[in-house]
Amino acid sequence: PISFFLLNEGVSLPCRAQAGGGTRVESVDMAGFVRGRRPRLGRRALALVIAGLCAAVVVGLVSTAFLAGKALTASTGSSASTPSFAGSRQPPTREASGVRLQSALAVVTRVTNTLGPWGTGGLVTLILTALGLNKVKVWLETPSRPYSADDASNSVRAEYDTWTREGVLEHYWGEHIHMGTYTPLKDQKGYNKNDWFVVSFLRATYGHLTGQYKDFIEAKLEFSKEMLAWSGATAPKKILDVGCGIGGTSRFLARSFPEAEIIGVTLSPEQVARATELAKEAGLTNVKFQVTNALDMVFKDSTFDLVWGCESGEHMPDKKKYVEEMSRVLAPGGNLVVATWCERDPVPPFTPEERTTLKYVYEEWSHPYFISISKYGKLMEGTGLLESVTTDDWTEQTLPSWRHSVWVGVWSPWYWIKVSLKRPKAFLGFVRDAYCLERYHRAMRRGLLQYGMMKAKKKVA
């Protein structure tokens, strides 16, 4: 926990910075991606930390050697002199090199005598620990799942398949794999967006223990309710949930409109299987799920009265095609509503630091790129099919979700510990995800990222 705090609270350790930016793909087939190569926490980093812990034990022996060196220096220092090489390009003699080595040894000896064996051990431990933390920081800040396209694989599908099989997201997040709403933010107990990471955790924990902090899963269900109310949809007969996850929103819509037919689509076969299983357990017969490419949907034009896209646009390599496909299958007079993570408007231009942050948040979770809220509005208007296009920024009411996603794992760690014992590599993934959630929180808090909401109605000919 202390290491995680240091890495998150701005302790400055020298590390390799990655150049920001990256090529935006405007039109790439969603059929496949290459699963990004994960950066590994090298053995050297672990070795440095372990060496730091062992240094305090062995430093006594080293100190003894230093004291012996001091005695040697004292016995030879009076007769030894350092040759002058002023004005000469000749290399130092072996005798001069020996004297310099003795001088350096004398300095180390004086430091050792001043600090004492355990003080020296503590200093060595701090140095080696700092080097180890630097290695960990570099590992954390090197994106592990960059977006890439390839016919043989799909990184988005692969990641969601893994998360669904392990069940960690479902255990902690419930049925709804998206942000929650905490409106109004000023009335929320246990959260202050400007708190440091540790202070925020302590405040949230107190609120959690005293029953003042909002329930994490309940917040997600309330988001779906607020999104539905904001969409303006009243009595749709056919609903499409684009990027349905394990079907939480689809089942919510099935309960809200029992006479309607709901179809949820996703790239993940594991999500389809789990969503279908949960719908069967809930006794819902008006909802079904299928694997479908959102950029090339199999549905006919003007099929659905409500098209719903919640946090699926982030993964789309072609935002224009994403909007066009949803508009195409929307029936005249029907409602389109989209919730998605966005970057701020690119005016003023992004700074190098902002581009580095964007590169990280894109590539750590297999996102090709984000666009601004206003850009989504222009894409909707550009289809020529939609009217009453409206956009909104819901960053403030969703902001607590990022850190809340970390807190629930700390308050109840048993499930992810069980998964880590079965698959030890999963633990490193959980650490990376917690770090990434904090990076998203900070980017949203500072205005670099925004939570965008878009809605429109399809024109009636």
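The values are calculated or read from the model by the stated rules, or taken from the named source; none is laboratory data. Predicted model only: the values in this text are computed from it and were never measured. In this analysis, Cβ positions are derived from the backbone assuming ideal geometry, glycine residues included, and neighbour counts consider all displayed protein chains. Keep in mind that these areas ignore ligands, DNA and RNA; they rest on the heavy atoms of the full protein, side chains included. Shrake-Rupley method; radii C 1.70, N 1.55, O 1.52, S 1.80 Å.
Among the numbered criteria (1) in a helix (DSSP H, G or I); (2) open to solvent by 10 Å² or more (accessible area, probe 1.4 Å); (3) in contact with a strand residue (DSSP E or B) (Cβ under 7 Å, 6 or more places away or on another chain), which one does Ala229 miss?
(3)
Regarding segment 254-261, can at least one residue be identified that is of a type outside the set (A, V, I, L, M, F, W, C), at negative phi and either modelled with pLDDT under 95 or in contact with a Pro (Cβ under 6 Å, 6 or more places away or on another chain) (or both)?
Just the residues of segment 254-261 that are of a type outside the set (A, V, I, L, M, F, W, C), to begin with: 255-256, 258-259, 261.
So of that shortlist, the ones also at negative phi come out as 255-256, 258-259, 261.
Now drop any that are not either modelled with pLDDT under 95 or in contact with a Pro (Cβ under 6 Å, 6 or more places away or on another chain) (or both), which leaves none.
Scanning segment 254-261 turns up no residue that is of a type outside the set (A, V, I, L, M, F, W, C), at negative phi and either modelled with pLDDT under 95 or in contact with a Pro (Cβ under 6 Å, 6 or more places away or on another chain) (or both).
Just to be sure I understand, how many residues within segment 398-419 are in a helix (DSSP H, G or I) and either among the aliphatic types (A, V, I, L, M) or under 19 Å from the mean Cα position of the chain (by Cα) (or both)?
First, the residues of segment 398-419 that are in a helix (DSSP H, G or I): 398, 400-411, 414-419.
Those still in the list that are either among the aliphatic types (A, V, I, L, M) or under 19 Å from the mean Cα position of the chain (by Cα) (or both) too: 398, 400-410, 416-417, 419.
Residues that pass the stated criteria total 15.
Residues are listed down the side, and each one gets a yes or a no for (1) assigned to a helix (DSSP H, G or I); (2) open to solvent by 20 Å² or more (accessible area, probe 1.4 Å):
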| residue | (1), (2) |
| --- | --- |
| Lys193 | no, yes |
| Ser200 | yes, no |
| Phe252 | yes, yes |
| Ile263 | no, no |
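Keeping to segment 349-385, report how many residues are farther than 25 Å from Glu141 by Cβ and either open to solvent by 40 Å² or more (accessible area, probe 1.4 Å) or not in a loop (DSSP other than H, G, I, E, B) (or both).
Of all residues in segment 349-385, those farther than 25 Å from Glu141 by Cβ come to 373-385.
Filter once more, keeping what is either open to solvent by 40 Å² or more (accessible area, probe 1.4 Å) or not in a loop (DSSP other than H, G, I, E, B) (or both): 373-382, 384-385.
Qualifying residue count, segment 349-385: 12.
For the condition among the acidic types (Asp, Glu) and buried (at least 18 other Cβ atoms within 10 Å of the Cβ), what is the one hit in Asp215, Asp241? So that I can check it myself, show each step before the final result.
Numbers: Asp215 fails: buried (at least 18 other Cβ atoms within 10 Å of the Cβ).
The unique qualifying residue is Asp241.
Could you check, for segment 390-397, whether at least one of its residues is buried (at least 20 other Cβ atoms within 10 Å of the Cβ), of a type in the set (Phe, Trp, Tyr) and in contact (Cβ under 8 Å) with a residue 60 or more places away in the chain?
Looking for residues that are buried (at least 20 other Cβ atoms within 10 Å of the Cβ), of a type in the set (Phe, Trp, Tyr) and in contact (Cβ under 8 Å) with a residue 60 or more places away in the chain, one finds at least one in segment 390-397, hence yes.
Considering only residues that are crowded, with 20+ Cβ neighbours inside 10 Å, modelled with pLDDT of 95 or more and either of a type in the set (A, V, I, L, M, F, W, C) or in contact with a Lys or Arg (Cβ under 7 Å, 6 or more places away or on another chain) (or both), which ones fall in segment 265-288?
Val265, Val272, Ala275, Ala279, Val287
Of the conditions (1) within 30 Å of Val329 (Cα to Cα); (2) in a helix (DSSP H, G or I); (3) among the hydroxyl-bearing types (Ser, Thr, Tyr), Thr390 satisfies every one except a single condition; which number is it?
Of (1) within 30 Å of Val329 (Cα to Cα); (2) in a helix (DSSP H, G or I); (3) among the hydroxyl-bearing types (Ser, Thr, Tyr), only one is false for Thr390: (2).
Inside segment 205-229, can you point out the residues that are under 22 Å from Val337 (Cβ atoms), of a type in the set (Gly, Ala, Ser) and touching a Gly at 6+ places or on another chain (Cβ under 6 Å)?
Residue satisfying the conditions is Ala219 alone.
Inside segment 320-339, can you point out the residues that are surrounded by fewer than 24 Cβ atoms within 10 Å (Cβ to Cβ) and not in a strand (DSSP E or B)?
Lys320, Lys321, Glu324, Glu325, Ser327, Arg328, Val329
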